[in-house]
Structures are given as structure tokens and as C-alpha cells.
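These notes are about the structure you will find just below.
Computed from the coordinates by the stated procedures, all read-outs in this text should not be read as laboratory data. A quick note: this is a predicted structure, and the numbers were derived from the prediction, not measured. Here the Cβ positions follow ideal geometry from the backbone for every residue, glycine too, while neighbour counts run over all protein chains shown.
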């Protein structure tokens, strides 16, 4: 993910809304708020697809790498759309690529990535991606 992409580059979309607390002293959404939006779209997808049980699941994903490029400011109040795709699935990790669009726009205001390593909830040791997770990610994978 090196260049600014478009809506057509993503496979899953989720309506989002900026919050009052997202704005900073400069009058735009602060950079840390984007990571909360990224987390929201990834986990919403996984929970809705039945691939993540945040309370009882034996396998959880831990973020080991993240990044974001900012292209246009966002502010409160503003309706957004989060977009998601999988760039790579390894044996125990997944690279998710995420974009945040102003509602109805074709170019993202920001795009970034998360790398999750999936681990045993108790031992925190990496595990092979569960079949249910792989199957849930197939529709948004290359």
C-alpha cells in the first residue's frame, strides 16, 4: 500500500461516525482516533463473520504492527465509511488494510494497516490461523 487508493480497492464497508471527543485543538480528528476506527472495522467484520469471540474464544489477534497515511482532514460531526481488505494471510498472522472515506467520496481521507498475530488466549503463543478465521477472511482476501 504505497499510493492513495480508491473505494474499488476494498471489499467490505462499514458506516462510521466521528465523535465529539475525536476532534483535537486544531479542529480536526486527531491521529490517534484513526486507530480506533481501524480497530472497529476489523473487529466488527470478524465478529459479524463468526470468526472472533471476544469473550470466550481460545484464539485472539494481537496487533504487532500498524501504520497510517493521512490524506485529508476529518472533523466532528462527519459521517464516514470504513473499508477493509486482507492483503496477506500467513500461518499465524494476517495483514489487514483499512481505509477511512468521507461518506460518498471515492478517495480515502486515510489508509493504513494492522498486522494481527493470532495467539492462544491463555499462553499468548502464536497459533495456526483457525479454519473459521481463514474461511471468514477469504471473501475480503486477494
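Worth a mention:
- Residue within segment 106-115 that is closer than 14 Å to residue 137 by Cα and either crowded, with 19+ Cβ neighbours inside 10 Å or without any contact (Cβ under 8 Å) to a residue 24 or more places away in the chain (or both) present: no
- Residues satisfying the stated conditions in segment 1-52, i.e. under 23 Å from residue 141 (Cβ atoms), without any contact (Cβ under 8 Å) to a residue 24 or more places away in the chain and in a loop (DSSP other than H, G, I, E, B): 2, 3
- Selection status of residue 118, farther than 27 Å from residue 17 by Cα, touching a residue at least 40 places away in the same chain (Cβ under 8 Å), surrounded by 19 or more Cβ atoms within 10 Å (Cβ to Cβ) and in contact with a strand residue (DSSP E or B) (Cβ under 8 Å, 6 or more places away or on another chain): yes
- Residues of segment 53-76 include none that is part of a loop (DSSP other than H, G, I, E, B), touching a residue at least 60 places away in the same chain (Cβ under 8 Å) and touching a helix residue (DSSP H, G or I) at 6+ places or on another chain (Cβ under 8 Å).
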